4 protein chains.
Amino acid sequence: MCRWLAYSGTPVLLEALLYRPQHSLIDQSLHARLGAETTNGDGFGVGWYADDRGTPAIVRDTSPAWSNRNLRELASHVRSGLFFAHIRASTGTAVQQTNCHPFRHGRWMWMHNGAITDFHRLRRDLALAVDPALFSSIEGSTDSEIMFFLALTFGLDQDPPGAVARMAGFVEGLGHEHGVQHPLQMTVAVTDGERTWAFRYSSADTPRSLFFSSRVETLRKLHPDVTFLQEVGDETRLVVSEPLGDLPGAWNEVPDSSYLVVQPGTDELRGFVPVSP
Amino acid sequence: MCRWLAYSGTPVLLEALLYRPQHSLIDQSLHARLGAETTNGDGFGVGWYADDRGTPAIVRDTSPAWSNRNLRELASHVRSGLFFAHIRASTGTAVQQTNCHPFRHGRWMWMHNGAITDFHRLRRDLALAVDPALFSSIEGSTDSEIMFFLALTFGLDQDPPGAVARMAGFVEGLGHEHGVQHPLQMTVAVTDGERTWAFRYSSADTPRSLFFSSRVETLRKLHPDVTFLQEVGDETRLVVSEPLGDLPGAWNEVPDSSYLVVQPGTDELRGFVPVSP
Amino acid sequence: MCRWLAYSGTPVLLEALLYRPQHSLIDQSLHARLGAETTNGDGFGVGWYADDRGTPAIVRDTSPAWSNRNLRELASHVRSGLFFAHIRASTGTAVQQTNCHPFRHGRWMWMHNGAITDFHRLRRDLALAVDPALFSSIEGSTDSEIMFFLALTFGLDQDPPGAVARMAGFVEGLGHEHGVQHPLQMTVAVTDGERTWAFRYSSADTPRSLFFSSRVETLRKLHPDVTFLQEVGDETRLVVSEPLGDLPGAWNEVPDSSYLVVQPGTDELRGFVPVSP
Amino acid sequence: MCRWLAYSGTPVLLEALLYRPQHSLIDQSLHARLGAETTNGDGFGVGWYADDRGTPAIVRDTSPAWSNRNLRELASHVRSGLFFAHIRASTGTAVQQTNCHPFRHGRWMWMHNGAITDFHRLRRDLALAVDPALFSSIEGSTDSEIMFFLALTFGLDQDPPGAVARMAGFVEGLGHEHGVQHPLQMTVAVTDGERTWAFRYSSADTPRSLFFSSRVETLRKLHPDVTFLQEVGDETRLVVSEPLGDLPGAWNEVPDSSYLVVQPGTDELRGFVPVSP
């Protein structure tokens, strides 16, 4: 299990989301409420775009987020209008920087909460399905990174929701071939620096939790006293593994088997169905 | 808050205590039951004496114990008849190797769970009270290490319980001078490689938890099926922050304001009263 | 021995100085030319001011600079008009984050190359001379950090060159009392976010190397083809442990027993004499 | 480039070889003489067999060997009659524990100095050639680990020199298919806990350096004053990337395209020729 957060909107200091909320991501690293484990201490990562929206910066470390001083320094000095943050709870693979999220390829970032069931048995076939030209860029040993490279293989650059659907379909198909009943559990966020897609899906009945924030203009009326809401524009949106606090009306569940597109203009919520690639 | 374990007796692989018990120290790093915090993920340390009982080896790391592979390797290959293990939950000082327990000086090892209240305010006066000849050996920034150096200053080498009583008395006296109502919370283990002293004391009403194992010959009769009890001799004794499992009859609370001496022959339980140095 | 770099001027990506020059600071981490050791692999740090020149961000790590991926990420995404960078070669104290430079206190940053001779023997007296109100902010175990806190004690906030002179005088006086012939070797950079002071001094004959860059307008005429010189303004100045390359006319030695003030308007070079505090 | 050491013989403290010699492996981490780089600071590893010669313990860390305190602690407390030690200089892959040598599989240990040329391009095909049943045990991203798994695939358990020859032949064949002129540079040590095989081979003209120690009984006569030689038995043998000192008569070069078998009884030196698997 892991926890993550994807921010889009008015450029803010990372700490505004990572440290300041009552149940911030840092708090979740010790006291997650909606996950299988309360502790997410197997490393963390943040990825952010600078103003020019080129290749994002990715800072990852194997230490727990709650005690990492460099993360606190960055969070209080770096401002961004599109960033990802992730805290990891390893499901068995090594605690090492190359296994920390987000993963990056060119301008793309990817992070994941969930698991491929029996990954150990499926790993080779999954790796073989990655575009040979991309294979050597795989640096770590997680299912999450291979899911990213499969999505890249299946056309992430041209059609993100389609590529993720094909990735999920491929994982499910391969799993079923190997006799795995429920091969995939995932909440995934992926961005190209302009738009962010957030997916919630499970091969079984109970998907991992995923929430998105309500429209800022609505929230401002409900909570005129919340400063942060006054400081950010209407295009600001958060997608999170679990709510950062208990503000009434602030959080909406992403339905199972669906995905959210956070983009300039109106965001969209659509159904998600894995497809055979 | 931290958790610790002190083992004396028949040489065993460290893993027999660190990993194998149902509620082992490694399990406590994620799921402590009797502490203020459930997570003890701010580093760990093990210290052990080799057969010749010279200077103990001390291996410490800032990573959480639960995911540290080197600890697992050591624990499955190193055998010792007297070892300490500690998992840390920082009360504010840096997560760094020199702040991890156990601390060592010559043949002595020391580890601690608890805190000096308002340590930040008392730190300078505490440091000044350390024997000037020892001052430069202080490497970290914790209250625990300074408590050790104060005990060394106050005669640990000649009279361990007396030195610890004088250390506690000094800390309490200094605290009271600075208007601190309850200056000291401690469970401390200290050893010279032959005997181990384990102290439980609090300036306030509620001391941190501390337990010692029952006599092996008694436990063997109660639990003839527990293999470990067949493999270790009658002199084997464990002192722990919290029980390693639910074996009926296995664990006894160290009373508040008292200390246990684990030694060749009969162990002893005595009252502990801080004294002015 | 360590190596460091202090940049002031037109905001640039940190990588412009840390990675791109022929003999960049990263190159010096493996192949220093003018130091006692060629390898500076005991950790690193960067500290930078954001546009608002408040408290600087400090990112430090114990890993060698040459292989640290987070440093590379930061350096290629963070832009600053005033930053420090330091690579460490420990002279014996622990390799830990709190021993990495730069050190920070409020808006001040400090970094050092050199050593207090026989620091182990002098450490207690040096620590005692630190303002008691500051004592608890000492986190590490280096001579460099204590030098910073002594300078703060002796008035860094009001009179930086005077405070550093008093710190140096105090160290020399104390050293001589303890029979240390040449107590101090130092090149120090300190900044409040507006001005930077860089000192070069040794109690013995041979001070550590220190250089500053020539005036940008002069260099532009000499080297019209060097792009970097076209991109930065006339106020841009570098102070470095050793030149970042072999550009003719680019580097000037800071004379022994002197200090440079890098500031808005004309920079100044003045003599430095330790004084008794 | 890396440096390594393989010890077989009378059980000794690891420090006898890692720290005490004039040009010990720790000294080589900062000042290697015969390698392409003088610094080997990208992590280290030690692997040793306990008395029962079961699965070896493997302790690896990404920090430089010269400053790692845990390595010093282990080396001064752990005794072994068969151990490997390795210091790493990365040729580009991540500095992470799973990329540090020695690698282990069951009772086997493997370490390597050298490189597969253009590994990035060959990596996928190399990985595909690994026995599918072993694929998921690959944890890191180095050429060295894949060479190990290829040797395991090609029969290391039954015929170590043959398996290594087939691995080398496969790498060369694949490299030539991809237009790589000189695909392989290697000095490899591999052991099952009883015997150690040390290979020296290069597809090009200039192989990496490799030496083995002279017979102890011969050395004792030459150097009756060297204590270490009095303390170890006649079966003691060292294989090293470069000599640990300048003792006349102590070191012999392993000829290019050959391998040494260190075993109970007479050791053997034989020719090595890659073969197509």
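The values are calculated or read from the model by the stated rules, or taken from the named source; none is laboratory data. Every value quoted in this text rests on a predicted model; they were computed, and no experiment measured them. We place every Cβ from the backbone using ideal geometry, glycine too, and count neighbours over all the protein chains shown. The accessibility values were calculated without ligands, DNA or RNA, using every heavy atom of the protein model including side chains. Shrake-Rupley method; radii C 1.70, N 1.55, O 1.52, S 1.80 Å.
Results, tabulated for the structure shown:
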item	result
Number of positions in region B:67-77 that are surrounded by 23 or more Cβ atoms within 10 Å (Cβ to Cβ) and within 8 Å of another protein chain (Cβ to nearest Cβ)	1
Among (1) touching a residue at least 24 places away in the same chain (Cβ under 8 Å); (2) surrounded by fewer than 21 Cβ atoms within 10 Å (Cβ to Cβ); (3) within 10 Å of chain A (Cβ to nearest Cβ) - the single one C:GLU37 does not satisfy	(3)
Filter result for B:ASP131 (open to solvent by 10 Å² or more (accessible area, probe 1.4 Å), within 14 Å of chain D (Cβ to nearest Cβ), free of Cβ contacts under 8 Å to residues at least 60 places away in the same chain and among the acidic types (Asp, Glu))	no
The lone exception for D:SER63 - which of (1) under 30 Å from C:ILE26 (Cα atoms); (2) among the hydroxyl-bearing types (Ser, Thr, Tyr); (3) in contact with an Asp or Glu (Cβ under 8 Å, 6 or more places away or on another chain) it fails	(3)
Some residue of region B:208-219 being part of a loop (DSSP other than H, G, I, E, B), modelled with pLDDT under 95 and among the β-branched types (Val, Ile, Thr)	no
Selected residue (criterion: farthest from C:PHE199 (Cα to Cα)) from residues of region C:155-172 that are in contact (Cβ under 8 Å) with a residue 60 or more places away in the chain and open to solvent by 40 Å² or more (accessible area, probe 1.4 Å)	C:PHE170
Among residues of region D:9-20, those that are open to solvent by less than 20 Å² (accessible area, probe 1.4 Å) and either under 23 Å from D:THR93 (Cβ atoms) or not in a helix (DSSP H, G or I) (or both), counted	2
Near pairs, Cβ below 8 angstrom, 6+ apart or cross-chain, from region A:44-66 (more than 9 Å from chain C (Cβ to nearest Cβ)) to any residue that is among the hydroxyl-bearing types (Ser, Thr, Tyr) and part of a helix (DSSP H, G or I)	A:PHE44/A:SER29; A:PRO64/A:SER29; A:ALA65/A:SER29; A:TRP66/A:SER29
Residues of region C:116-141 satisfying the condition of being among the β-branched types (Val, Ile, Thr) and assigned to a loop (DSSP other than H, G, I, E, B)	C:THR117, C:VAL130, C:ILE138
Checking C:SER80 against (1) within 14 Å of chain A (Cβ to nearest Cβ); (2) of a type in the set (Gly, Ala, Ser); (3) part of a loop (DSSP other than H, G, I, E, B); (4) within 23 Å of C:VAL240 (Cβ to Cβ), the condition it does not meet	(3)
Test set (1) open to solvent by 60 Å² or more (accessible area, probe 1.4 Å); (2) farther than 27 Å from C:THR55 by Cβ; (3) part of a loop (DSSP other than H, G, I, E, B) - C:VAL180 fails condition number	(1)
Odd one out for C:MET147 among (1) within 14 Å of another protein chain (Cβ to nearest Cβ); (2) buried (at least 22 other Cβ atoms within 10 Å of the Cβ); (3) farther than 19 Å from C:GLY193 by Cβ; (4) of a type in the set (A, V, I, L, M)	(1)
Filtered residues of region C:13-50 (kept if within 13 Å of C:LEU82 (Cα to Cα) and in contact with a Gly (Cβ under 8 Å, 6 or more places away or on another chain))	C:TYR49
Set A:HIS120, A:HIS112, A:HIS86: member being closer than 26 Å to B:ASN68 by Cβ and touching a His at 6+ places or on another chain (Cβ under 6 Å)	A:HIS86
A:ARG60 vs. criteria assigned to a helix (DSSP H, G or I) and within 26 Å of B:SER63 (Cα to Cα)	no
Filtered residues of region C:215-249 (kept if of a type in the set (A, V, I, L, M, F, W, C), farther than 25 Å from C:VAL188 by Cβ and open to solvent by less than 50 Å² (accessible area, probe 1.4 Å))	C:LEU219, C:VAL226, C:LEU229
Within region C:250-277, considering residues that are part of a strand (DSSP E or B) and among the aromatic types (Phe, Trp, Tyr), the one least open to solvent (accessible area, probe 1.4 Å)	C:TYR259
Check on D:PRO243, under 20 Å from D:LEU260 (Cβ atoms) and either away from chain A (no Cβ under 14 Å) or assigned to a loop (DSSP other than H, G, I, E, B) (or both)	yes
Top-ranked residue in region A:83-120 [being within 14 Å of chain C (Cβ to nearest Cβ) and more than 27 Å from A:HIS23 (Cβ to Cβ); ranked as most open to solvent (accessible area, probe 1.4 Å)]	A:ARG107
Residue identified as at pLDDT 95 or above, within 14 Å of another protein chain (Cβ to nearest Cβ) and farther than 22 Å from A:THR196 by Cα among A:GLY175, A:GLY179, A:GLY140	A:GLY140
Some residue of region D:23-31 being over 21 Å from B:VAL46 (Cα atoms) and not in a helix (DSSP H, G or I)	yes
Unique match (being without any contact (Cβ under 8 Å) to a residue 24 or more places away in the chain, more than 15 Å from the chain's Cα centre (by Cα) and surrounded by fewer than 21 Cβ atoms within 10 Å (Cβ to Cβ)) among C:HIS31, C:HIS23	C:HIS31
